[in-house]
Amino acid sequence: MQIQAADQLVAKKCKPCEGGVDPCTLDEAREQLGTLPGWHLTHDGQRIRKNWTVKNFLAGLAFFNRVADVAEEDGHHPDLHIEGYRNVWVELWTHAIGGLSENDFILAAKIDQLPIEAKQ
């Protein structure tokens, strides 16, 4: 996988993945995450995650609706979590390959561009 700046990732569209592709390596994932502030590896390097604290429950739901619009447009869907009414996180991985693909980093970069009403 070629390491790309966030603006390069945003300019791309996720490609359908039905398996048969190797997930990116741990080194590639770590290097790519260097261009995506706040995202970190989870599940032994098979997923990426970012956490936010939002103003309130409705702010979290509004953010998730914006994420859902972007995810649906690209055909790549994250796991969305809300806990304690204002702690939200997004987790990405390519289910078909059981690890990370370029799609995960593309969607992470696009999510980073979305407005979020963070706790002051």
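Summary of computed values
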quantity	calculated
Considering residues of the stretch 91-120 that are over 17 Å from A6 (Cα atoms) and in contact with a Lys or Arg (Cβ under 9 Å, 6 or more places away or on another chain) only, the residue surrounded by the fewest Cβ atoms within 10 Å (Cβ to Cβ)	Q120
Residue list for the stretch 51-79, restricted to those being closer than 16 Å to E102 by Cβ and in a loop (DSSP other than H, G, I, E, B)	G75, H76, H77, P78
Matching entry among I82, I111, I48 (being β-branched (V, I, T), part of a helix (DSSP H, G or I), in contact (Cβ under 8 Å) with a residue 12 or more places away in the chain and in contact with a helix residue (DSSP H, G or I) (Cβ under 7 Å, 6 or more places away or on another chain))	I111
Number of the condition not met by H43 [criteria: (1) under 27 Å from M1 (Cβ atoms); (2) at pLDDT below 95]	(2)
Among the candidates E83, E72, E91, E102, residue that is closer than 18 Å to W52 by Cβ, of a type in the set (D, E, K, R) and more than 10 Å from the chain's Cα centre (by Cα)	E83
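The values are calculated or read from the model by the stated rules, or taken from the named source; none is laboratory data. If you're wondering where the values come from, they're calculated on a predicted model, not measured in any experiment. Please note: Cβ atoms are built from the backbone with ideal geometry, for glycine as well, and neighbour counts cover all protein chains shown.
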